[in-house]
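Please read the structure below before turning to the comments.
The values are calculated or read from the model by the stated rules, or taken from the named source; none is laboratory data. Treat the numbers as computed from the prediction; the structure is a model and nothing was measured. Reconstructed Cβ throughout: ideal geometry from the backbone, glycine too, with neighbour counts over all protein chains shown. Side chains included, ligands, DNA and RNA excluded: accessible areas come from the protein's heavy atoms. Shrake-Rupley method; radii C 1.70, N 1.55, O 1.52, S 1.80 Å.
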Amino acid sequence: SSLKALRVFASRTEANKPFIGFGDPVLEGPSGGGKGIKIASLFRGAIADVEEVRKLSRLPETADELRAMARYLGADASSIYLGKDATETKVKEIDLKSSRVIAFSTHGLISGEIKHLAEPALVLTPPDKATEADDGLLTASEIAQLKLNAEWVILSACNTAHAESAGAEGLSGLAKAFFYAGSRALLVSHWPVESQSATELTRGMFEALKTNPTMGRSEALRHSMFKLAANDNHPHWAHPAFWAPFVVVGEGARR
């Protein structure tokens, strides 16, 4: 059903900017926590409790991750929205349709794990006061209303590619939402990974596509996985924990 939605809704015209990224939201929890959290009291009615959202752990390493993507893709610093600029309001207001690659590096939340959360969501900087337009959580239904023209949407967030609990909607909900919005492919991971190897894998994937423009996205990811696992400077990267969680969802071929 997600592929059907992709073929119907995804644009075929090329965007003119290389990259835009959102990450390192302003949160007050201790650093070092995983991307993804279970909090039963996150919601009060239909709108998230921003004080509870604010208690999620900080993710300062996501800023470096986004800067590395931007450098490799030839984008300048203005293409990255961090901290107080990484808000739901900013995502909804900014022109996303002109960017070929869009990245969200933050917490991911799965429906069914959190009380009153009926759909998956990405965490952004919460406002001082929650509104229907901005409560710090960019949900799948809100994502579907965005206007995109992206070759890739990179979701560097835990819980974006699986659903553990009964009735939980993870990857399928996010994938459909981004396809409806106008993305052609997603890059997601099944579990949190070490930042340096993840950045290298992403770099290798884009490098493979740059070297061989006819190579499909899935083949570029496979090529980068082999290169990562054979890295002599980091022999431990051969372990599947460093490359196996990644998957391309959507249009894997070059179109």
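Structure values in brief
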| quantity | calculated |
| --- | --- |
| Among residues of the stretch 224-250, those that are closer than 21 Å to ARG184 by Cα and buried (at least 21 other Cβ atoms within 10 Å of the Cβ), counted | 4 |
| Members of the stretch 49-66 found to be part of a helix (DSSP H, G or I) and within 16 Å of the chain's Cα centre (by Cα), listed by number | GLU61, THR62, ALA63, ASP64, GLU65, LEU66 |
| Close pairs (9 angstrom Cβ cut-off, 6 or more residues apart or separate chains): touching a residue at least 40 places away in the same chain (Cβ under 8 Å) and of a type outside the set (Val, Ile, Thr) in the stretch 60-79, buried (at least 17 other Cβ atoms within 10 Å of the Cβ) and part of a loop (DSSP other than H, G, I, E, B) anywhere | MET69/ALA75 |
| Sole exception among (1) open to solvent by 20 Å² or more (accessible area, probe 1.4 Å); (2) under 20 Å from GLU151 (Cα atoms); (3) assigned to a loop (DSSP other than H, G, I, E, B) for TYR81, by number | (3) |
| Members of the stretch 224-255 that are in a loop (DSSP other than H, G, I, E, B) and among the aromatic types (Phe, Trp, Tyr) | TRP243 |
| Test set (1) over 18 Å from the mean Cα position of the chain (by Cα); (2) part of a strand (DSSP E or B) - ASP128 fails condition number | (2) |
| Some residue of the stretch 143-152 being open to solvent by 10 Å² or more (accessible area, probe 1.4 Å), of a type in the set (Gly, Ala, Ser) and at pLDDT 90 or above | yes |
| Residues within the stretch 10-59 that are modelled with pLDDT of 70 or more, surrounded by fewer than 18 Cβ atoms within 10 Å (Cβ to Cβ) and among the hydrophobic types (A, V, I, L, M, F, W, C), tallied | 2 |
| Of all residues in the stretch 118-139 being open to solvent by less than 10 Å² (accessible area, probe 1.4 Å) and aliphatic (A, V, I, L, M), the one that is farthest from VAL101 (Cα to Cα) | LEU137 |
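The rows are residues; the columns are (1) of a type outside the set (Val, Ile, Thr); (2) open to solvent by 60 Å² or more (accessible area, probe 1.4 Å); (3) outside any helix (DSSP H, G or I).
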{"site": "PHE178", "(1), (2), (3)": "yes, no, no"}
{"site": "PRO192", "(1), (2), (3)": "yes, yes, yes"}
{"site": "SER197", "(1), (2), (3)": "yes, no, no"}
{"site": "ARG203", "(1), (2), (3)": "yes, yes, no"}
{"site": "THR214", "(1), (2), (3)": "no, yes, yes"}
{"site": "GLU219", "(1), (2), (3)": "yes, yes, no"}
{"site": "ARG222", "(1), (2), (3)": "yes, yes, no"}
